[in-house]
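Written out below as structure tokens is the structure these notes cover.
Each value in this text was obtained by applying a stated rule to the coordinates, not by laboratory testing. Source: prediction; values computed, not measured. Cβ placement follows ideal geometry from the backbone for every residue including glycine, while neighbour counts extend to all protein chains displayed.
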Amino acid sequence: TQLGHEHRAWGLRQKLDAGLRYIYEETDDKEIEGPTRDSTSGTLRADDDRFGKAFSAFVQDRMFLTAKLIFTPGVRVEHYRYTRHVQRARVNGVPTDVNLRQGDVVTKLIPGLGLAYNAGNRLTFFTGLHRGFAPPRTKDAITNHGVSLDLDAELSWNYEAGARFHPGRGLSGEVTYFRMDFENQIIPAAISGGATTTLINGGETLHQGLETSFRVDWGELARSPQALYTDVRYTYLPTAKFTRNALFEGNRLPYAPENSVSILMGFRHRRAFGVQLAATYVGDQFGDNNQTFIPSADGTVGPLPGYMIWNLGFDYARRGERFSVTPYINVKNLTDKLYISSRAPQGIQPGLFRQVNAGVKFTF
């Protein structure tokens, strides 16, 4: 629920926004091991239920200091309660029925400030300071044996400054400098490095870099009623390091590629169908805190080579006076590219294989 109210105070035009949100989520996770790769039944190896209840509230006030300068202070409160109920797990390597339940709760107040300057119809400068907050995932925070790992929430101060621009018909873009100072970042851990869990509190870290995006609407450039467009996004992350850590200070963080690029080509008919083809490139990454270049025999430490994957999507919209029906189909990892997505905690984990998802959207 969100409400807005425009008013004047201190001689300034202002817009006050406030909202509430409640989310309940429940996951029933079962691991079934069959005798062959295409088995439809087998031995129940693990079974657990995870529950999450999240409540958040926010308020922000857009203050129009001048016709072009907007100042926006705001604050948000987050309350998250999570529980994991393990009903089957490995005991001494043997799948066994158990009854283990553990949970935790976290509450944080999250402030933020934003400033925007509209230099004209085609150019806007902006800057901001915000508190970052993310609770640990329930599956990560509580082990298969019902033990809490005491993972702290990820807390950071996030700074950004940049510009949005529209140089001409069918052209738009954005350039943003960002800096994230983490007081605590949850990071993967490798068992060969002495860890006994997938994730640990990594302590203070620093991320700093540049994000850019650019869009060309070829249909608009050609004054066509059809939409043909290209989106290009690039993230440059030269700094991603431990800052205060007795063992790893100065080392590059694992799973933090220096370069990431995505290119999307799309076409949409003004009355019917749309198709999108996207390519995503993720650069080389370290897989452990020691910046290990030579992979170990068991695969738990070492680099993660860069990779590129392709995704394809198609939809067909039928619009009526009161509702619309849109069948769609999406293919992820179109070429079934095999790549390393993780080495933590027990060795090489392959990335997402080719998946085909289909469905129907109804809009009223």
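Filter the chymotrypsin sites (Phe, Trp or Tyr not before Pro) in the stretch 284-350 down to the DSSP loop ones having no more than 10 other Cβ atoms within 10 Å, then list what survives.
Hits after loop and neighbour filter: F293, F323.
Let's see if you can work this out: charge +1 on each Lys and Arg Cβ, -1 on each Asp and Glu Cβ, no other charges. What is the dipole magnitude of the chain about its Cα centre, in debye to the nearest 20?
The calculation lands at about 1560 debye.
Under a cut-off of 15 Å between alpha-carbon atoms, report the aspartates and glutamates in cross-link reach of K53, not counting same-chain residues fewer than 8 places apart.
E25, E26, E78, D104
Counting residues in the stretch 249-333 as N, plug N into 2.2 N^0.38 Å and put the Cα Rg over that result. Provide the component values of the computation, followed by the final result.
Details: Rg = 20.3 Å, N = 85, 2.2 N^0.38 = 11.9 Å.
Normalised Cα radius of gyration, the stretch 249-333: 1.71.
Could you give the length gained by full extension between T239 and I110, i.e. 0.36 nm per residue of separation minus their alpha carbon distance, to one decimal place?
Extending this stretch completely gives an extra 44.0 nm.
Give, rounded to the nearest 20 debye, the magnitude of the charge dipole that the stretch 292-340 has about its Cα centre when Lys and Arg contribute +1 at Cβ and Asp and Glu contribute -1 at Cβ.
It works out to roughly 300 debye.
What FRET efficiency comes out for the pair T40/A134, r = Cβ-Cβ distance, R0 = 45 Å, nearest 0.05?
0.75
Given the pairs K68/K241; K15/K108; K108/K241, which span a C-alpha to C-alpha distance of over 29 angstrom in this model?
Cα-Cα > 29 Å for K68/K241; rest within.
Just tell me which aspartates and glutamates come within less than 18 Å, Cα to Cα, of K30; anything on the same chain fewer than 8 places away is out.
Partners found: D38, D47, D48, D49, D97, D140.
Per the helix-only calculation at 222 nm, which mean residue ellipticity applies to the chain, given -39500 (n - 2.57) for every DSSP H run of n ≥ 4 and division by its residues, nearest 500 deg cm²/dmol?
That comes out to -500 deg cm²/dmol.
Calculate, in nm to one decimal, what F293 and A57 gain on full extension: separation in residues at 0.36 nm each, minus their alpha carbon distance.
Details: separation 236, 0.36 × 236 = 84.96 nm, distance 4.52 nm.
Computed gain between F293 and A57 is 80.4 nm.
At 7 Å along Cα-to-Cβ for each site, give me the label-to-label distance between Y339 and T127 in nm.
Each label point lies 7 Å from its Cα, and together they span 3.6 nm.
Which residue, A67, Y236, A279, has the largest displacement toward the positive end of the dipole of the chain when charges sit on each Cβ (Lys, Arg +1; Asp, Glu -1)?
With unit charges placed on the Cβ atoms, the residue in question is A67.
How high is the FRET efficiency between K15 and R101 when r is their beta carbon distance and R₀ equals 56 Å, given to the nearest 0.05?
Efficiency at R0 = 56 Å is approximately 0.80.
Of all the stretches in the chain, which is the longest one without any exposed loop site, taking trypsin sites (Lys or Arg not before Pro) in a DSSP loop (any state but H, G, I, E, B) with at most 11 other Cβ atoms within 10 Å?
38-168
Comparing D284, D315, D38, which has the greatest mean-square fluctuation in the GNM of the chain with Cα pairs linked when under 10 Å apart?
D38
I'd like to know which of T335, A297, V360 lies farthest towards the positive end of the charge dipole of the stretch 286-362, counting +1 on Cβ of Lys and Arg and -1 on Cβ of Asp and Glu.
Looking along the dipole axis, the top candidate is V360.
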